[in-house]
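I have placed the structure first, in the form of structure tokens, so that the comments after it can refer back to it.
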Amino acid sequence: MNYKALMLDVDGTLIPNNRNGLPSNAVIKAIKKANKKIHVGIATARPLSVLENILSVLPLSGPSIINGGSQIIDLPSQKILKEQPIEIHDVLKICTIAKQFKIKPIIINDTDEDIELSKDYKPYKPFQVYMPDVSSKNRDEFLQTISHISHVSVHKTVSWRRGGIDIFITHSLATKHHGVLEVARILGITPKEIIGVGDGYNDFSLLLSCGLKIAMGNAISDLKAIADYTAPSVEKDGLVKVIKKFVLGV
């Protein structure tokens, strides 16, 4: 297959699972080479404000998926090409339920700013509700409760704190799947011509949307089970192997 785009998850794929992590020099060099042959973009739950250090060292251009799929951004111009905020009444409902389950902090990415929920918060243009390191005590019951809100999509990711689980909530039409479809439309290609690479729970929609599904060696076992290929782990610069094998053909 002559693939025309490579879409990369960030935490646990492009970089180690660390808020301030950066891609290795070997990964940066490989992406530079790949960029000469195909489009390379990211597909991440991170908002733009938590991507600046990574984007400062990566030679990316064209459309990428950020904020869990709620925004498609052109890099490096940072122009928003498409966005899908959550309905305000759904955000208020989610926050009310989360408080009932004593989950905190509750952080809302609203108009590209991360705001911790307080009695003074008034939603304006919320893209994502983020709950870091949610305790396992009531997590499943909470997830079951909010799953009945029809216009939202709920995602779990591995926390920056080792062993923890974060919860991200976006509009039901704002997932990595929807992001892949939009990136393909912008590039004038089909999703089957895209390679998707990820490691976590929220990467199922990314991989299932792409023609070639790749899981990192450090990926959760269920993601590996649907992958066409399992690369070495992020700690072993697995993306270098992916780029050499499927993009550069070496």
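Some notes on this structure:
- Spans of strands (runs of 3 or more DSSP E) in segment 29-75 with at least 2 residues touching an Asp or Glu at 6+ places or on another chain (Cβ under 8 Å) and outside the structural domain of Ile108 (by TED's automatic domain parsing): 62-66, 71-75
- If the condition is being closer than 30 Å to Lys93 by Cβ, of a type in the set (Gly, Ala, Ser) and either surrounded by 16 or more Cβ atoms within 10 Å (Cβ to Cβ) or in the same structural domain as Leu212 (by TED's automatic domain parsing) (or both), then segment 160-192 contributes Ser172, Ala174, Gly179.
- The sole residue among His155, His151 that is outside the structural domain of Gly200 (by TED's automatic domain parsing), out of contact with any Leu (no Cβ under 7 Å at 6 or more places or on another chain) and either within 23 Å of Asp222 (Cα to Cα) or of a type in the set (S, T, N, Q) (or both) is His155.
- Scope segment 137-178; condition farther than 14 Å from Ala98 by Cα, touching a strand residue (DSSP E or B) at 6+ places or on another chain (Cβ under 9 Å) and part of a loop (DSSP other than H, G, I, E, B); matching residues: His151, Ser159, Trp160, Gly164, Ser172, Leu173, Ala174, Thr175
- Which listed residue is in contact with an Asp or Glu (Cβ under 9 Å, 6 or more places away or on another chain) and part of a helix (DSSP H, G or I), from Val91, Val134: Val91
- Among the numbered conditions (1) under 22 Å from Thr175 (Cα atoms); (2) surrounded by 15 or more Cβ atoms within 10 Å (Cβ to Cβ), the only one that Ile103 does not meet is (1).
- Top-ranked residue in segment 4-34 [being modelled with pLDDT of 95 or more and among the polar types (S, T, N, Q); ranked as farthest from the chain's Cα centre (by Cα)]: Asn25
The values are calculated or read from the model by the stated rules, or taken from the named source; none is laboratory data. Computed from a predicted model, the values in this text were never measured in an experiment. Backbone-built Cβ (ideal geometry, glycine too); neighbour counts: all protein chains shown.
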